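A short worksheet on the structure shown next.
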Amino acid sequence: MDKIRQLAQWIKEANTIAVLTGAGMSTESGIPDFRSENGLYAQEDHVEYYLSEHYYKKDPADFWRRFKRMFSLKMMGGFAPNDGHRFLRWLEEMGKTVTILTQNIDGLHTKAGSTNVIELHGTLQTATCPSCGNKYDLSFINRHEVPRCEKCQTIVKPDVVLFGGLVPRMEEAFAAAAASDLLLAMGTSLEVAPVNQIPFYVAAESPATRKVLINKTATRMDGMFDLVIYGGIGKTVASVRKQIQAE
Ligand SMILES: [Zn+2]
């Protein structure tokens, strides 16, 4: 059986699907992969230092100037979901219970209509005051070079997980992955801990869960999966959808 037919079959047989998504999921929406040749890491020095909990505490005003430049925050509102995001929404419409575990901070899964999204690395859409807990949205953040809480004047903190910060919903993600019939990893090179531990955890805790990876290139984790499809997300999911609808 070819790989597309195999995946279509497994999707049909699954009631519960956990989907792990990475930067490759959003590149087709025009958002660069931070680790790619033209990504943030290639363009900026000391990314992990300036985007850290430590640097936010040390110099929050300069932190914000750099943070905004690195993430081109103003543009963020303009990106739209692509066929990959819409495919996951469609799985829900088919009646599947879908939990999305995403490393992306762009909010595109929610924009596409997926209802159960765990944003493991947080979101760019909001910021929170560390003193009083007041929340602010992207338009507020964009209106101020250094956004300060309107209630207490503290410089707010973005709701993304910074380097040196905890990944707060990790246990929930592990549990959802292990409880699924199918774990589908899409557009992730599985280089970043602790997220890249999910396939190992599933293999140990839930041997019956089928594990599939769709990625443009080979990863060091390929051997952990029952099925690996090399290809772009949009093209691959279009073929899978066609296959599911044909049967
Ligand atoms: Zn405040």
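The values are calculated or read from the model by the stated rules, or taken from the named source; none is laboratory data. Here the structure is a predicted model, which means the values were calculated and not measured. Using ideal geometry, Cβ is built from the backbone for each residue, glycine included, and neighbour counts are taken over all protein chains shown. Just so you know, the surface numbers come from the protein's heavy atoms only, side chains and all, with ligands and any DNA or RNA stripped out. Shrake-Rupley method; radii C 1.70, N 1.55, O 1.52, S 1.80 Å.
Annotations for the structure displayed:
- Rounded to the nearest 20 debye, the dipole magnitude of segment 167-247 is 380 debye, with +1 charges on Lys and Arg beta carbons, -1 on Asp and Glu beta carbons, and the Cα centre as origin.
- Accessible area of Met70 (1.4 Å probe, protein heavy atoms only, ligands and nucleic acids ignored): about 20 Å².
- Two-site label geometry, Glu172 and Asp45: point separation in nm, points 7 Å out along Cα→Cβ: 3.9 nm
- Translational D in µm²/s for the chain (Stokes-Einstein at 37 °C, 0.692 mPa s, Kirkwood Rh from C-alpha pairs): 173 µm²/s
- Probe 1.4 Å - accessible area at Val192, Å² to nearest ten: 40 Å²
- Maximal additional length on extending the Glu247-Ala193 stretch stands at 15.6 nm, based on 0.36 nm per residue less the C-alpha distance.
- Computed E for Asn15/Ser131 - FRET, C-beta separation, R0 35 angstrom, nearest 0.05: 0.20
- Shown in residue order for segment 83-89 are the 3J(HN,Hα) couplings computed by the Karplus curve 6.51 cos²θ - 1.76 cosθ + 1.60 at θ = phi - 60°: 4, x, 4, 5, 4, 5, 5 Hz (x for Gly and Pro).
- The stretch between Lys58 and Met94 holds 8.1 nm of extra length on full extension. This uses 0.36 nm per residue minus the Cα-Cα distance.
- Ranking Thr219, Phe140, Thr99 by Cα position along the charge dipole of the chain, where only Lys, Arg, Asp and Glu carry charges on their C-beta atoms, puts Phe140 farthest toward the positive end.
- Alpha carbon Rg of segment 151-247, scaled by the compact-globule rule 2.2 N^0.38 Å: 1.36
- Ranking Ser206, Ser239 by solvent-accessible area of protein heavy atoms (1.4 Å probe, all protein chains present), from largest to smallest, gives Ser239, Ser206.
- When the residues Thr128, Thr217 are ordered by accessible surface, computed with a 1.4 Å probe over the protein chains alone, the sequence from largest down reads Thr217, Thr128.
- Nearest-ten-degree value, helix 3-13 long axis tilted from longest Cα axis of the chain: 90 degrees
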